[in-house]
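A short reminder: the numbers here are calculations on the coordinates, not readings from a lab. No experiment lies behind these values; they were computed from the predicted model shown. Virtual Cβ from ideal backbone geometry, glycine too; neighbours counted across all protein chains shown.
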Amino acid sequence: MPVIDAHTHLGQCRVFDLDSAEDGLIDSMDEHGIDVSLVQPYPGAPSASDVHDRIAAMSKANPGRFFGIASINPHQDEQAYFAELSRCVKGLGFVGVKLHTIGHAVNPAGADGSLIFESAAQLGIPVMVHTGPGIPFAAPSALQPQLERFPKVKVVMAHAGHGIFSGEAIAMGQAYPQVSLEPSWCAFYNVGGMVEALGAARVLFGSDLPPNIPIQAATFQALGLSEDDEALVMGGAAKEIFELDV
Ligand SMILES: [Zn+2]
C-alpha cells in the first residue's frame, strides 16, 4: 500500500503568509517516504486557477505521485465557480474540492457552502473541509445541515477539529457514515480516539505543511496500531475515499 499524504498545498498563501514550491514538496516526500500527495492551493492564492494548472503540471511530470484537490473562493459568480471546479475535475483529473471555512470565510451551512456541496454532488467528488480554528464556521457541527442534505457526498474533515473540537468531529463521524477525519495538528490522544471510534478506514494521514510530515507520521506511529490499521491510516483510507488509481 503506498503512503499517501491526503492534505498538502502548493503555491503562495496571502491569508497565512506561506509559500510552497514544487521542488520543496517533492524533496520532502522523498525524504520522508511519502509515495503520493493530494495537493491543493492555499486559500490565500492570488490565482487559484494558476495553482490548479501548476498542480496538473506536477501530476503529469510525476505520474501517480500527485493528485489535485481544487480550492476556489465560492464568493463569486456561481457559474464561474462551477466552471473552474469542473475544469479541474474533468479536464485536469482532480479528485476532490476544498471548503475553506476560515481562509475563504465560508459558512458550510450558508448559500455558498451549499454551492460547494451541490457542485461536489454533481461532479461526484469528496469535499475536504477545514475544521478547528475559525469558529463558528469551522466547527465540525456546522456541517450538519449539508451532511443531512448530501448523504452520498463524502466529507473529509481536515484537522479533525484541531484537538479542541476533535470530540465534536468524532461525534459527527459517528452520526454520519460519509465523514472521515484527517487529523493534522491534533495530539496523539485525539488521533487514537478517532481510530478507536470510527475505525482506521476513516482516518487519513495528512501533513498540511511539508515540515509537519515527520511529526504527523510519528503521531500515528505512537498509537501502536496493528499493521493493517497502520496501512489504512497511512494510505489505504485515502486511496478508497478519493478513489485514487495508485
Ligand atoms: Zn491545509
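How many percent of DSSP beta bridges within the range 4-241 run antiparallel, rounded to 5?
10
Under 10 Å, Cα contacts only: if you run a Gaussian network model on the chain, which one of N212, N107, N62 comes out with the highest mean-square fluctuation?
N62
Taking the radius of gyration and the Kirkwood hydrodynamic radius from Cα positions alone, what is the Rg/Rh ratio for the range 4-241, to two decimal places?
Ratio value, two decimals: 0.93.
Just flag the trypsin sites (Lys or Arg not before Pro) in the range 1-63 sitting in loop per DSSP whose Cβ has no more than 13 other Cβ atoms within 10 Å.
Passing both the DSSP loop test and the Cβ count: R14.
Cβ under 10 Å from G235's Cβ, G235 left aside: what net charge do those residues give with Lys, Arg +1 and Asp, Glu -1?
Local net charge: -3.
By the scheme Lys and Arg +1, Asp and Glu -1, what is the net charge of all other residues having a beta-carbon under 15 Å from that of H130?
Neighbour charge sum, excluding H130 itself: -3.
Relative contact order for the chain using alpha-carbon pairs under 8 Å, separation at least 6, rounded to a whole percent?
Here the relative contact order equals 18 percent.
Run through the range 112-163 and list the trypsin sites (Lys or Arg not before Pro) located in a DSSP loop whose Cβ has at most 11 other Cβ atoms within 10 Å.
K152
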